[in-house]
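Reading through the structure tokens given below for one structure.
The values are calculated or read from the model by the stated rules, or taken from the named source; none is laboratory data. Every value quoted in this text rests on a predicted model; they were computed, and no experiment measured them. Here the Cβ is made from the backbone with ideal geometry for all residues, glycine too, and neighbour counts use every protein chain on show.
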Amino acid sequence: MLRSRPELERLATLRASGALTLVPTMGSLHEGHLSLIERARTIGPTLVSIFVNPAQFGPGEDYAAYPRDLAHDLELIEPLGVDAVFAPSAAEMYRSADTVRIEPGTRADVLCGAGRPGHFAGVLTVVAKLLNLLRPEVAIFGRKDAQQCLVIAEMVEALDFRVRLIDHPTVRESDGLALSSRNRYLGAEHRRRAQALWRARNGAREQREQGEREPARHRRTMARQQAETDRVDYAEIRSVPDLITPELAAGKILLAVAAQVGPARLIDNLVLQIDGQRITETALLAEGDDR
Ligand code: AMP
């Protein structure tokens, strides 16, 4: 395991042996993370980072309470044949004089970015630092955090980072609930109500399949289907990659929902390619996995 900057010199050997592939995580690993790691293993030497990034949590969010169990995380990834783990302390990542932050592009203005000021600046800053420190050839992110993937892709393009990005499909419970480290905050009753997010995005897809092309009606349907949650943060339909109001005749769209259920704020989404009457689930990024 690598914990500090000087130890990163050891990555040179891995870099020479293939396309070094990074899976950035905040730990508290579950099957979703493991699926990203398995994907990375099919590409090249695999590096997993585990770091709960203080810069992406707002005041009043769950930074202090965020679940952390490095020993358990290491046990979970042990059988997967990961080549290296980078698990720095907060003091190692952010030295006291660091005040530079990366300002996201316009894709960060909507959805989660609208309700969480500074969140994506924190995400981009840590991702930029990880890309610079670890210099992977490929980095894999989960499609579950769709806006995060698109905001990072915009930064990579705008600032000429030399890395290939892949968005990997969302891993779910058998009832459809997207796996998340925050699901452990949910009791049985919360779990039941959390399924509303999954139903909302599926309902909007069915509506489009039946010919509905009015974004406002899709938003209303998705919001209605989340009535069982405690608070709907958003129920949105957006174009990919720019996250503006879409034409629903052709092109790629994102159906995205966020809601508070008991103690957890949950998000989910569906990415669709529309070609007239043909509607298929697809990846966000050109190199994403289409499953
Ligand atoms: P996190 O530890 O929550 O920051 O997540 C690390 C990476 O795992 C991010 O790229 C997430 O999008 C991805 N991820 C989280 N949950 C899932 C899931 N259920 N399926 C696939 N990827 C996921």
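Which ones in the stretch 263-290 are surrounded by fewer than 16 Cβ atoms within 10 Å (Cβ to Cβ) and assigned to a loop (DSSP other than H, G, I, E, B)?
Listed by number, the residues that qualify are Pro263, Gly276, Gln277, Ala286, Glu287, Asp289, Asp290.
Could you list, in sequence order, the residues of the stretch 110-154 that are away from the ligand (no atom under 14 Å from the Cβ) and without any contact (Cβ under 8 Å) to a residue 40 or more places away in the chain?
Passing the criteria: Gly113, Ala128, Lys129, Asn132.
When you look at Ile50, is it in contact with an Asp or Glu (Cβ under 8 Å, 6 or more places away or on another chain) and more than 24 Å from Leu254 (Cα to Cα), yes or no?
yes
Which numbered condition in (1) surrounded by fewer than 17 Cβ atoms within 10 Å (Cβ to Cβ); (2) at pLDDT 95 or above; (3) outside any loop (DSSP other than H, G, I, E, B) is the only one that Arg184 fails?
(2)
Do we find that Gly211 is surrounded by fewer than 17 Cβ atoms within 10 Å (Cβ to Cβ), touching a Phe, Trp or Tyr at 6+ places or on another chain (Cβ under 6 Å) and without any contact (Cβ under 8 Å) to a residue 40 or more places away in the chain in this structure?
Judged against the criteria, Gly211 is not a match.
Just a yes or no: is a residue in the stretch 165-183 out of contact with any Lys or Arg (no Cβ under 9 Å at 6 or more places or on another chain), closer than 26 Å to Thr42 by Cβ and more than 8 Å from the ligand (Cβ to nearest atom)?
Yes, some residue in the stretch 165-183 is out of contact with any Lys or Arg (no Cβ under 9 Å at 6 or more places or on another chain), closer than 26 Å to Thr42 by Cβ and more than 8 Å from the ligand (Cβ to nearest atom).
Which ranges mark the strands (runs of 3 or more DSSP E) fully within the stretch 1-91 that have 2 or more residues being more than 13 Å from the ligand (Cβ to nearest atom), surrounded by 14 or more Cβ atoms within 10 Å (Cβ to Cβ) and touching a residue at least 60 places away in the same chain (Cβ under 8 Å)? If you could, list the steps in order and put the result at the bottom.
Working: elements: 21-25, 46-50, 84-86.
Ranges flagged: 84-86.
For (1) crowded, with 17+ Cβ neighbours inside 10 Å; (2) touching a helix residue (DSSP H, G or I) at 6+ places or on another chain (Cβ under 8 Å); (3) basic (Lys, Arg); (4) assigned by TED's automatic domain parsing to the domain that holds Thr106, each residue gets a yes or a no:
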| site | (1), (2), (3), (4) |
| --- | --- |
| Asp160 | no, no, no, yes |
| Arg192 | no, no, yes, no |
| Ala196 | yes, yes, no, no |
| Thr229 | yes, yes, no, no |
